[in-house]
Amino acid sequence: MRVEVHAAESVAEPRMWVQNQPALMMALRAGSIELGSRSSAMMRHTLGAGEMCLVPRQFEIWVRTGDLHYVYLAVDISDVALAAACDRTTADVELRRVENLVDGRVGALAAAVNAERVAGFPNGRLFLDSVEQALAVALVKGYGVQRRSVQTHRGGLGSARLRRIKEFVDARIEDELTLCEMAQAVELSPAHFSRMFRKSTGETPHQFFLRQRVERAKEMLRSADARVLDVAVACGFKSQQHFAQAFRNVCGASPTEYRQEFLGHEPPYARERANS
């Protein structure tokens, strides 16, 4: 479990913030911040000390602090804890977004984590692991949703085959995959695989493959080191134009716009980290 305290700096322009792991966040003092799904649509949120929100995996939002003040505790929930809460070796649920989470048990656990942090983590890793597991159980029970990637419907692919095809696609993201190759990876005929895959995921194999490429590209674009053209090639796009079109179709912005909005604009927070 990773525990961080974030203190907002004064930033006049909106900046993109990305949360990679599901996290529970609790305001440590009263304050406000502007948030929005688009930089052109920001809304001010005012929170009192102790108010909480739940942020899902790969959550992206625009943030503007200006002269506002906001300090909060962030507790990342690991995949290991989520899997254990589901009584499985791998978690097949995600935590949904909850803007104003009111839950006495979750609040007490978050307060215990903060008290441990303030004291300098005297009880060690085992204590934090125990609290994290209790948090994961409470959050999965109250706010869990089945992952889309392993969702199955009657007649669709099983979760094991869906995991196998995702691993296959991830390993071959820069290649020109064919439907036959994807079907062979899970030992099905192309026609049967295509029908069952769509029943299971709501996407065609091509749509899924394209979305996985764009997700990989988004990760690379968050670094200043790679050129956009190099990102396109590394993710298997034939040209920068093809990459830009596919990226805009999925994300609503060009790769360059996405990078400009994110790059160099780390979350407007000064971080006090405590990794245990």
Could you say whether any residue in the stretch 7-20 is modelled with pLDDT of 80 or more and either open to solvent by less than 20 Å² (accessible area, probe 1.4 Å) or more than 26 Å from VAL137 (Cα to Cα) (or both)? no
Among the residues of the stretch 245-262, is there at least one that is closer than 25 Å to ALA183 by Cα and either basic (Lys, Arg) or in contact with a Phe, Trp or Tyr (Cβ under 8 Å, 6 or more places away or on another chain) (or both)? yes
With the structure loaded, tell me whether PHE168 is aromatic (Phe, Trp, Tyr) and buried (at least 19 other Cβ atoms within 10 Å of the Cβ) or whether it fails that test. no
Checking VAL140 against (1) under 30 Å from GLY107 (Cα atoms); (2) open to solvent by 30 Å² or more (accessible area, probe 1.4 Å); (3) in a helix (DSSP H, G or I); (4) free of Cβ contacts under 8 Å to residues at least 60 places away in the same chain, which test does it fail? (2)
Hits in the stretch 116-130 - residues which are over 24 Å from the mean Cα position of the chain (by Cα) and of a type in the set (A, V, I, L, M): VAL118, ALA119, LEU126
If you check HIS206, HIS153, which single one turns out to be under 30 Å from VAL55 (Cβ atoms), at pLDDT below 90 and surrounded by fewer than 17 Cβ atoms within 10 Å (Cβ to Cβ)? HIS153
Filter pass, TRP62 being assigned to a strand (DSSP E or B), open to solvent by less than 40 Å² (accessible area, probe 1.4 Å), in contact with a Gly (Cβ under 6 Å, 6 or more places away or on another chain) and at pLDDT below 85: yes
Suppose we keep only residues that are part of a helix (DSSP H, G or I) and in contact (Cβ under 8 Å) with a residue 60 or more places away in the chain within the stretch 155-177. Which one would you say is nearest to PHE243 (Cα to Cα)? ARG163
Taking the criterion of being at pLDDT 85 or above, within 20 Å of LEU177 (Cα to Cα), part of a helix (DSSP H, G or I) and among the basic types (Lys, Arg), would at least one residue in the stretch 214-226 satisfy it? yes
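The values are calculated or read from the model by the stated rules, or taken from the named source; none is laboratory data. All of these numbers come straight from a predicted model, not from anything done at the bench. With ideal geometry, Cβ positions are generated from the backbone for all residues, glycine too; neighbour counts draw on all protein chains shown. Surface areas here come from the heavy atoms of the whole protein model, side chains and all, with no ligands, DNA or RNA. Shrake-Rupley method; radii C 1.70, N 1.55, O 1.52, S 1.80 Å.
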